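Take a look at the structure set out below.
The values are calculated or read from the model by the stated rules, or taken from the named source; none is laboratory data. Worth saying up front: this structure is predicted, and the values here are computed from it rather than measured. Heads up, the Cβs are rebuilt from the backbone with ideal geometry, glycines too, and the neighbour counts pull from every protein chain shown.
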């Protein structure tokens, strides 16, 4: 239901109240309810929506609007905290979309603000943020060590008063990941979003690649459809800005060793959401067998659906579990992954 409406919003005109109820439930589970309101508004469909579902959509929009105000203020506080250090925070994902006023920001709600800084300034940035009230919280010594030794970010920092959370990254994939995109290249190409605060974001093509990398190297797909909608919006927006976008995107993916996640991003935005992608680039530059492609289709076409019972079939649970295992395997070799999962499954559970 939700995917059909995302592909063709005009279909909402013929929905029964029962179908509206299902659509609202699927959209809420996917964190796309406020986004749906935005889509309907852009297509001048608000007037056609029955009162009951419109109440849910309006409520979601109001929450998203208030969230946006809070995030803008919080980003300003981060920039103020880091100003004297000379480190301009580079915003990632939701915060970057919002401050950059990019299409994915409309109706998007997220739990934390992600930034990336040069690895050589990481300790300094953490110390400065600590002095301004952000500190790590609620994490075992094992987990803290795991983050600092193997991950692409330090443990999350929460403000002692406002309870807002910052994830400070120094790379976009874990140190143990099979792919190691150059953080130096990504940071060097970053663009300024706001002259007053100095905050930055990845360059457009790098933003697409990071979004693809984040989605298709992950093992959890609770919000997979939302992230795919983000990709659709980014691809549509940036490709409209210049004819060289697609060739530049392919070249950059090759340079950063991210052709595989780009392949999946192009394949599933096109297949699921109907994103307009030139045939010359839709293969993503990655060779894959017919059987292999169909196998991954069977997994991702389930994993990227709304996490709602109405979207499940008898294979959905297995598909999501296999994607979970795949995500962990891509991010960490078995010699490290197996002991880590065993400890998390048994040792940590026994402590709790």
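What's the number of the only condition in (1) in contact (Cβ under 8 Å) with a residue 24 or more places away in the chain; (2) closer than 23 Å to residue 179 by Cα; (3) in a helix (DSSP H, G or I); (4) touching a helix residue (DSSP H, G or I) at 6+ places or on another chain (Cβ under 7 Å) that residue 281 fails to meet?
Looking at each condition in turn, residue 281 falls short on (3).
Identify, please: which residue in region 268-292 is over 14 Å from residue 225 (Cα atoms) and surrounded by 13 or more Cβ atoms within 10 Å (Cβ to Cβ) and is, among those, modelled with the lowest pLDDT?
Of everything passing the filter in region 268-292, 284 is modelled with the lowest pLDDT.
Every residue in region 317-336 that is crowded, with 17+ Cβ neighbours inside 10 Å and free of Cβ contacts under 8 Å to residues at least 40 places away in the same chain, please.
Of everything in region 317-336, those that are crowded, with 17+ Cβ neighbours inside 10 Å and free of Cβ contacts under 8 Å to residues at least 40 places away in the same chain turn out to be 319, 322.
Against the definition (without any contact (Cβ under 8 Å) to a residue 60 or more places away in the chain, under 24 Å from residue 101 (Cα atoms) and either in a helix (DSSP H, G or I) or under 11 Å from the mean Cα position of the chain (by Cα) (or both)), how does residue 225 come out, yes or no? Walk me through it before giving the result.
Working: without any contact (Cβ under 8 Å) to a residue 60 or more places away in the chain: no; under 24 Å from residue 101 (Cα atoms): yes; either in a helix (DSSP H, G or I) or under 11 Å from the mean Cα position of the chain (by Cα) (or both): yes.
Spelling it out, it is not the case that residue 225 is without any contact (Cβ under 8 Å) to a residue 60 or more places away in the chain, under 24 Å from residue 101 (Cα atoms) and either in a helix (DSSP H, G or I) or under 11 Å from the mean Cα position of the chain (by Cα) (or both).
It is to be established whether one or more residues within region 257-265 are touching a helix residue (DSSP H, G or I) at 6+ places or on another chain (Cβ under 8 Å), closer than 21 Å to residue 35 by Cα, buried (at least 18 other Cβ atoms within 10 Å of the Cβ) and modelled with pLDDT of 95 or more.
The answer is yes; a qualifying residue exists.
State the number of residues belonging to region 20-66 that are assigned to a helix (DSSP H, G or I) and free of Cβ contacts under 8 Å to residues at least 60 places away in the same chain.
Qualifying residue count, region 20-66: 28.
With respect to the numbered conditions (1) in a helix (DSSP H, G or I); (2) surrounded by 15 or more Cβ atoms within 10 Å (Cβ to Cβ), which one is the sole condition not fulfilled by residue 342?
For residue 342, the exception is condition (2).
Is it true that residue 149 is surrounded by fewer than 19 Cβ atoms within 10 Å (Cβ to Cβ), more than 25 Å from residue 224 (Cβ to Cβ), touching a strand residue (DSSP E or B) at 6+ places or on another chain (Cβ under 6 Å) and free of Cβ contacts under 8 Å to residues at least 40 places away in the same chain?
No.
Say whether the condition of being modelled with pLDDT of 95 or more and over 25 Å from residue 185 (Cβ atoms) is met by at least one residue in region 82-100.
No, region 82-100 contains no residue that is modelled with pLDDT of 95 or more and over 25 Å from residue 185 (Cβ atoms).
Based on this model, can you work out whether residue 241 counts as over 20 Å from residue 3 (Cα atoms), at pLDDT 95 or above and either in contact with a helix residue (DSSP H, G or I) (Cβ under 6 Å, 6 or more places away or on another chain) or not in a helix (DSSP H, G or I) (or both)?
Against the criterion (over 20 Å from residue 3 (Cα atoms), at pLDDT 95 or above and either in contact with a helix residue (DSSP H, G or I) (Cβ under 6 Å, 6 or more places away or on another chain) or not in a helix (DSSP H, G or I) (or both)), residue 241 does not qualify.
Is it the case that residue 41 is surrounded by fewer than 20 Cβ atoms within 10 Å (Cβ to Cβ) and more than 23 Å from the chain's Cα centre (by Cα)? If you could, list the steps in order and put the result at the bottom.
Values: surrounded by fewer than 20 Cβ atoms within 10 Å (Cβ to Cβ): yes; more than 23 Å from the chain's Cα centre (by Cα): yes.
Against the criterion (surrounded by fewer than 20 Cβ atoms within 10 Å (Cβ to Cβ) and more than 23 Å from the chain's Cα centre (by Cα)), residue 41 qualifies.
Is it fair to say residue 78 is touching a residue at least 12 places away in the same chain (Cβ under 8 Å) and surrounded by fewer than 17 Cβ atoms within 10 Å (Cβ to Cβ)?
Details: touching a residue at least 12 places away in the same chain (Cβ under 8 Å): yes; surrounded by fewer than 17 Cβ atoms within 10 Å (Cβ to Cβ): no.
The answer is no for residue 78.
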